[in-house]
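Engineer: I'd like to ask you about the structure that follows.
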Amino acid sequence: MTNVLSYALETYFGKLGLLLLFSISFVIALLIPIFVSLPSFTDIGAIFVRTSSIFVNLTAPSAAVIIASTVFSLLFLSFAIVAINVIVKHSRTKTRIRHEVFDGLEKYTGRVFIVLLLYTAIVMAASLISYGTGAAGIVAAIVGLAFIPFFFYAPPSIVIDESSIWHSMRASAAYFFKRFDYFVLWLVLSIVIISVFDFIFITVSGTLVSRYAMLVFDSLFILPFLAVLQGQMYMKRFALLKR
């Protein structure tokens with residue numbers, strides 16, 4: 001487990017300039033909900049959409065805005081995730097990232113986009129179906145957690161294994177349960193890192209400013225590291241790279 005973390009740190013700091021370049025897509029993806037005035041709020045530097053309040057007074061124009069903004073947000077998110085996993089793959093295998101690799105980003109981004117869109121649709125459907133019960137938020141959270149195994153490693157699988165959408169989801173679930181300790185490590189580090197920096201930003205700049213400053217900081221520095229760590233964890237599947 002310590003090897004995974006050390007490889008992630010080595011890749012992160014060794015390719016920081018390139019990661020920052022691609023992480024601009026993270027910034028755009030997370031700011032879109034704010035720019036289009038979706039029912040969202042910021043907490044510990046992340047954007048959360050209040051799915052339980054989306055359906056209040058929902059009109060055709062507002063529904064179109066929600067759908068379009070979600071699609072564009074997921075598209076930018078997909079591109080950033082794919083680009084980072086390409087960096088992880090080639091840094092771990094000690095190969096150069098050639099021009100034809102970047103040419104394949106479109107194919108990988110399309111597949112990852114479908115995966116993220118499917119996960120979003122599942123959570124939104126659960127929220128919509130349970131809206132009348134008054135527990136839409138809780139139901140959506142439970143459904144989201146239940147489907148995490150199928151989606152957590154799907155993006156790395158698509159890029160690293162060059163697998164199809166459905167195969168990546170099966171591979172994700174299999175590896176998720178096989179190395180559940182990796183997910184626990186990723187989750188704990190995520191909570192600790194984001195919470196620590198969020199506390200620092202609140203102390204320095206106050207609550208209002210810190211929310212948006214932390215959002216940008218998350219997008220440029222924290223999310224790329226977590227994506228690198230996730231990719232490195234998935235790379236441990238390969239026997240030749242277990243050291």
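The values are calculated or read from the model by the stated rules, or taken from the named source; none is laboratory data. These numbers come from a predicted model, not from an experiment. Quick reminder, even Gly has a Cβ in these numbers, built from the backbone with ideal geometry, and neighbours come from all protein chains shown.
Engineer: Quick one: in segment 184-235, which of the residues that are in contact (Cβ under 8 Å) with a residue 24 or more places away in the chain and over 23 Å from SER25 (Cα atoms) is surrounded by the fewest Cβ atoms within 10 Å (Cβ to Cβ)?
Structural biologist: Checking each candidate, the answer is LEU185.
Engineer: Could you say which residue among GLY104, GLY144 is at pLDDT 80 or above, within 30 Å of TYR7 (Cα to Cα) and not aromatic (Phe, Trp, Tyr)?
Structural biologist: Exactly one of GLY104, GLY144 is at pLDDT 80 or above, within 30 Å of TYR7 (Cα to Cα) and not aromatic (Phe, Trp, Tyr), namely GLY144.
Engineer: So which residues in segment 191-234 are more than 25 Å from LEU5 (Cβ to Cβ) and modelled with pLDDT of 90 or more, if there are any at all?
Structural biologist: none
Engineer: A further question on this structure: Considering only segment 153-175, state which residues are crowded, with 20+ Cβ neighbours inside 10 Å and not small (Gly, Ala, Ser).
Structural biologist: Narrowing segment 153-175 to residues crowded, with 20+ Cβ neighbours inside 10 Å: 153-160, 168-169, 171-172, 175.
Residues satisfying the conditions are TYR153, PRO155, PRO156, ILE158, VAL159, ILE160, MET169, TYR175.
Engineer: What's the number of the only condition in (1) in contact with a helix residue (DSSP H, G or I) (Cβ under 8 Å, 6 or more places away or on another chain); (2) at pLDDT below 90; (3) in a helix (DSSP H, G or I) that ARG96 fails to meet?
Structural biologist: The failed condition is (3).
Engineer: Where residues in segment 130-144 are among the hydroxyl-bearing types (Ser, Thr, Tyr) and assigned to a helix (DSSP H, G or I), which of them is nearest to THR120 (Cα to Cα)?
Structural biologist: Start the filter on segment 130-144 by keeping residues that are among the hydroxyl-bearing types (Ser, Thr, Tyr), which leaves 130-131, 133.
Still in the running and assigned to a helix (DSSP H, G or I): 131, 133.
Values: TYR131: 16, THR133: 20 Å.
Checked segment 130-144; the qualifying residue nearest to THR120 (Cα to Cα) is TYR131.
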